[in-house]
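> The structure under discussion is supplied below as structure tokens; questions concerning it will follow.
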Amino acid sequence: MRRTLVAGFGNMYRRDDGVSSFVINALRRRTGRPELAPDEDGFDDLGNEIDTVLLHQLVPELAVDVAGYDLVIFVDAHVAQMEDDLREEELDVCYKPATVSHQLHPCSVLALANQMHGHAPAGVLLSLRGYDFDFGEGLSDATAAIVPAAVDRILDLAGTGA
């Protein structure tokens with residue numbers, strides 16, 4: 001098994017944009033760990049074979065944490081113009097402009113880790129299709145249905161075989 005960090009990001013108060021928190025908590029349940037409360041980010045619970053953190057936005061400071069892992073899986077929502085319900089992208093270690101809705105691209109987090117610590121883990125962006133980005137909590141039924149497949153894929157990528 002590779003030492004893995006799953007970093008979920010998105011706005012929990014914009015319906016499907018907060019899907020990463022549902023994926024993180026489903027993953028934690030599957031691995032026998034308690035869910036993160038709405039006010040918890042997971043940084044106090046690092047040191048497991050698969051660690052999980054939740055962020056509103058990716059920030060440069062995350063590079064310090066990711067440098068200690070073999071694999072970082074970034075989890076986010078994507079808009080319906082992308083046809084895949086679950087989209088997986090292997091990440092390069094490079095500086096890349098952020099998207100309209102985010103301040104920092106996951107590739108840039110890896111590049112910062114490499115620049116600061118001489119090591120960048122392998123990176124994957126796992127995006128779940130979102131349908132409802134209105135203000136509110138909870139997921140649309142269509143996005144909620146993708147969560148179990150995302151957890152299965154994270155476990156496969158981490159090498160647990162579970």
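The values are calculated or read from the model by the stated rules, or taken from the named source; none is laboratory data. Computed from a prediction, not measured in an experiment: that's the story for all the values here. Virtual Cβ from ideal backbone geometry, glycine too; neighbours counted across all protein chains shown.
> Can you name every residue in the range 72-96 that is at pLDDT 95 or above, surrounded by fewer than 16 Cβ atoms within 10 Å (Cβ to Cβ) and β-branched (Val, Ile, Thr)?
None; the set is empty.
> All but one of (1) crowded, with 20+ Cβ neighbours inside 10 Å; (2) closer than 20 Å to Arg129 by Cβ hold for Ala26, so report the exception by its number.
Condition (1) is where Ala26 drops out.
> Taking Arg153, is it closer than 21 Å to Arg14 by Cα, basic (Lys, Arg) and surrounded by 14 or more Cβ atoms within 10 Å (Cβ to Cβ)?
No; evaluated as a whole, the condition is false for this residue.
> For a quick check of your reading of the model, give me the residue pairs whose first member lies in the range 10-34 and is closer than 16 Å to Ala158 by Cα, whose second is assigned to a helix (DSSP H, G or I), with beta-carbon atoms closer than 6 Å and at least 6 apart or on different chains.
Pairs found: Val23/Val147; Val23/Ala150; Ala26/Val147; Ala26/Val151; Leu27/Val151; Leu27/Ile154; Arg30/Val151.
> Got a sec? Which strands (runs of 3 or more DSSP E) wholly within the range 1-118 have at least 2 residues that are more than 13 Å from the chain's Cα centre (by Cα) and under 27 Å from Gly136 (Cβ atoms)?
Qualifying strands (runs of 3 or more DSSP E): none found.
> Also: Surrounded by 14 or more Cβ atoms within 10 Å (Cβ to Cβ), within 19 Å of His56 (Cα to Cα) and hydroxyl-bearing (Ser, Thr, Tyr): which single residue out of Thr143, Thr160 fits that description?
The conditions single out Thr143.
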